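Let me begin by presenting the structure, written as structure tokens, before commenting on it.
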Amino acid sequence: MKSSIIIRKIVYGAVFTSIAIVIKLFITFETPFFRLSFFEFPLMLCSILLGPLYGALAGFITDLNYIIINPRAMIVALNWFTLESITFGLVPGLFFHYIKYNKKKLMIILLITMILGFTFNTLGINMYYGTGYAVSSIPLRLLRDTLKYPLYLYLIHLFITDSRFSSFNFFYQFSKKHGLKKQNY
């Protein structure tokens, strides 16, 4: 019984990771100086539903595949950008593993996660492009993350509380563990 749960978590983790990889590689608006991508969403959902270990592994594997496949990736090694991806996969799951879910807690945890991700992203940009560019790009990246925040908040809350997703085992288990009533939107 326990091994089937582990196998199911690995399969769901692989699905979330695959979605994040596809989004990061192909569904991205990218210029030489700026990138807009939504790959963080499946990593955060993976972390919340499957736990922090699976979320962190999903973040690491997503960034590792990005480094291997994308010719524009900076370096084949662990760096600040890898820590950013791991953060999006680790932090939400850490919190919701120990505290009960509600929308206000999600708002705070998502804000903490995005601040940590922004910090690691700034350190990575500083490492590769220098302090001048890292500082000058803060307003644009801050605007980007400010616009992403309500979108992620809405989507994560929707996926977790909408009854249409309760047929998926981990959505059901999460809502049962946290005492959530499913809603139809």
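The values are calculated or read from the model by the stated rules, or taken from the named source; none is laboratory data. Note that the coordinates shown come from a computational prediction; the quantities given were computed from them, not determined experimentally. With ideal geometry, Cβ positions are generated from the backbone for all residues, glycine too; neighbour counts draw on all protein chains shown.
List of remarks:
Listed here are the residues, each with its yes/no results for (1) in a helix (DSSP H, G or I); (2) hydrophobic (A, V, I, L, M, F, W, C); (3) modelled with pLDDT of 85 or more.
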{"position": "Ile5", "(1), (2), (3)": "yes, yes, no"}
{"position": "Arg8", "(1), (2), (3)": "yes, no, yes"}
{"position": "Val15", "(1), (2), (3)": "yes, yes, yes"}
{"position": "Lys24", "(1), (2), (3)": "yes, no, yes"}
{"position": "Phe29", "(1), (2), (3)": "no, yes, yes"}
{"position": "Pro42", "(1), (2), (3)": "yes, no, yes"}
{"position": "Ile48", "(1), (2), (3)": "yes, yes, yes"}
{"position": "Val76", "(1), (2), (3)": "no, yes, no"}
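- Residue match in region 125-133 (condition: closer than 18 Å to Glu84 by Cβ, assigned to a helix (DSSP H, G or I) and touching a residue at least 60 places away in the same chain (Cβ under 8 Å)): yes
- Residues that are among the hydrophobic types (A, V, I, L, M, F, W, C) and within 13 Å of the chain's Cα centre (by Cα), drawn from region 79-102: Phe81, Leu83, Ile86, Phe88, Leu90, Val91, Leu94
- Whichever residue in region 144-167 is at pLDDT 85 or above and basic (Lys, Arg) and, among such residues, is nearest to Phe38 (Cα to Cα): Lys148
- Subset of region 25-65 [within 29 Å of Pro139 (Cα to Cα), surrounded by 23 or more Cβ atoms within 10 Å (Cβ to Cβ) and more than 11 Å from the chain's Cα centre (by Cα)]: Asp63
- All positions within region 1-56 that are among the aromatic types (Phe, Trp, Tyr) and under 18 Å from Phe120 (Cα atoms): Phe33, Phe34, Phe38, Phe39, Phe41
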